[in-house]
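Contents: one structure, followed by commentary.
Rule-based calculations on the coordinates, nothing more; no lab input. Here the structure is a predicted model, which means the values were calculated and not measured. Here the Cβ positions follow ideal geometry from the backbone for every residue, glycine too, while neighbour counts run over all protein chains shown.
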Amino acid sequence: MSKCNFTKSCLLWRVLVFAVTFASVFAGCKNVTFELPKFSVTAPVCRGQEVVFDFYNSATVEIQKIQIKMNVFDKKTGGPAFKNIVAVECSFDCSILPSQSQQFYASLAEYLQDTQAVEFLIDNFYISRVSYSDGKEWKDDFGLYSQVYLSKGE
């Protein structure tokens, strides 16, 4: 193979190689379509040992289950509130009809034996899963829609 000086043909060759490589890498990837969430949620408010938020169903079908994920920190130190645990996950069985809302209380009680914290900060709070009565499920495993809030809460 001969050395390629920086010429138009060399540049075109490099662009072609890059384009083919790029296309072949992403052609094998599963096509992912991001569906916007059909709900709204208020920002979480920490009340003692509970995290409280309101959830509004803007879908046309009933919601039967939601799952949340959040990071919990000690308000005083700013560090993780619980030993060896930063992310907390909670699931709620529910029945939220279309155009209705419901208030949820996520208890932190099961984690409290491992902490000296009295007040908590909640960060990266998001709805990770919503199950509908028609069998469909909406997922957000990485918190891409974590800022879909109706209001700032209290």
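Note on LYS83, LYS75: ascending count of other Cβ atoms within 10 Å places them as LYS83, LYS75, the fewest first. Stretching SER95 away from LEU121 to a fully extended chain increases their span by 6.5 nm, per 0.36 nm per residue minus the current alpha-carbon distance.
Amide H of PHE39: which non-local residues (sequence gap of 5 or more, or other chain) have their own amide H closer than 5 Å, using H built in the peptide plane? Here the answer is SER58, since their amide H atoms fall under 5 Å of that of PHE39.
Couplings for region 78-89, taken from phi via the Karplus curve 6.51 cos²θ - 1.76 cosθ + 1.60 with θ = phi - 60°, read x, x, x, 6, 10, 4, 6, 9, 10, 8, 10, 10 Hz in order; Gly and Pro are left as x.
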